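Note sheet for the following structure.
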Amino acid sequence: MAAMKNIVILISGRGSNMEAVVRAAQAEQWPARIAAVISNKADAKGLEFAAAHGIPTAVVSNKDYPSREAFDAALQEVIDGFNPDLVVLAGFMRILTPGFVSHYENRMLNIHPSLLPLFPGLHTHEQALASGQATHGATVHFVTAELDHGPLVDQVSVPVLPGDTAEVLAARVLEQEWVMYPRAIRWFVEGRLRVEDGKVNIDRN
């Protein structure tokens, strides 16, 4: 029997992907526990959901620190207090420093709402519409120092339909994220992801 893995989830807002991960971990009885949900915003709605599900929460506000480095150091100290095997970024709206990222190398996942390498950064749905893409989607990847460029774990595509607005397209992508992100995290928990030479190998057996 594999040892239980500790997962720490970072959020900045509603945390709908965090909710999807928590629900999947419970329903599918992963060999893992959600050790904590941490936010950089005290009013993040996702903190209420986590607390209601018995998950420890913490707030580390970036406004309390003079620099990104100081904030990341404080955040790292709080995260490491929960002995994480995996750190999950679920709508955590901060660009992380290289030192922080390297500390969690190959054990920090992010979900990005585009088919990377297309449209890194913000406003991905607007960019997809403006560029006339026929398909759009989301990507799960390991986090590296280069924004939205780490080794890819999984991608899902959705059609871009006539009359789509950014909000409608975002909602279509998000429904797929709620399926894909928990699945990718479960692969990690079950030891089925290996990063070799900058690429992810998945044991799908």
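Numbers for the structure displayed
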item: Cβ-Cβ FRET estimate between LYS45 and THR165, R0 fixed at 30 Å, reported to 0.05; result: 0.85
item: Cα-based Rg of the chain normalised by 2.2 N^0.38 Å, two decimals; result: 1.00
item: Mean Cα-pair separation over length for the chain, i.e. relative contact order, pairs under 8 Å, 6 or more apart, %; result: 19 percent
item: Whole-Å semi-axes of region 21-98's equivalent ellipsoid (Cα gyration tensor); result: 24, 14, 10
item: Scaled radius of gyration (Cα, divided by 2.2 N^0.38 Å) that region 60-123 gives; result: 1.19
item: Label-point separation, LEU129 to LEU174 (7 Å along Cα→Cβ), nm; result: 1.5 nm
item: Built amide H within the under 5 Å cut-off of ALA32, gap 5+; result: LYS5
item: Distance between modelled label sites at ASN106 and ARG183, nm, 7 Å Cα→Cβ extension; result: 2.5 nm
item: Rounded D (µm²/s) - region 7-48, Kirkwood Rh over Cα pairs, Stokes-Einstein at 37 °C, 0.692 mPa s; result: 312 µm²/s
item: For region 36-45, 3J(HN,Hα) per residue [Karplus equation, 6.51 cos²θ - 1.76 cosθ + 1.60, θ = phi - 60°, Hz, x = Gly/Pro]; result: 6, 10, 10, 10, 8, 10, 5, 9, 4, 4
item: Length released on extending from ALA73 to ARG192, taking residue separation times 0.36 nm less the Cα-Cα span; result: 39.8 nm
item: Cβ-placed point charges (K, R +1; D, E -1), dipole of region 70-205 about Cα centre in debye, nearest 20; result: 280 debye
item: Proximal charge balance of GLN176 [Cβ under 14 Å; K/R count +1, D/E count -1]; result: -1
item: For region 88-205, the fraction of alpha-carbon pairs in successive 10 Å shells from zero, as %; result: 13, 45, 31, 10, 0
item: Candidates PRO117, PRO162, PRO56: whichever shows maximal mean-square fluctuation once the chain is modelled as a Gaussian network with Cα springs under 10 Å; result: PRO162
item: DSSP bridge orientation in the chain - percent antiparallel, rounded to nearest 5; result: 45 percent
item: Mean residue ellipticity (222 nm) of the chain, computed from DSSP H runs ≥ 4 via -39,500 (n - 2.57), nearest 500; result: -10500 deg cm²/dmol
item: Most mobile listed residue (ALA27, ALA170, ALA128) in the chain, GNM with C-alpha springs under 10 Å; result: ALA27
item: Sparse-neighbourhood loop sites, GluC sites (Glu not before Pro) in region 103-205 - DSSP loop, at most 15 other Cβ within 10 angstrom; result: GLU105, GLU146, GLU190
item: Within straight-line cross-link reach of LYS41, lysines at Cα separation under 30 Å, skipping those fewer than 8 residues along the same chain; result: LYS5, LYS63
item: Backbone HN-Hα couplings from phi across region 163-172 [Karplus 6.51/-1.76/1.60, Hz, Gly and Pro as x]; result: x, 4, 9, 4, 5, 5, 5, 4, 5, 5
item: Residue of GLY163, GLY99, GLY137 that the Gaussian network model of the chain assigns the largest fluctuation, springs spanning Cα pairs under 10 Å; result: GLY163
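Quick note: the coordinates plus some simple rules give every number you see, no bench work behind them. Remember, it's a predicted structure, so these values are computed and weren't measured experimentally. Ideal geometry is used to build each Cβ from the backbone, glycine not excepted, and the neighbour counts take in all protein chains shown.
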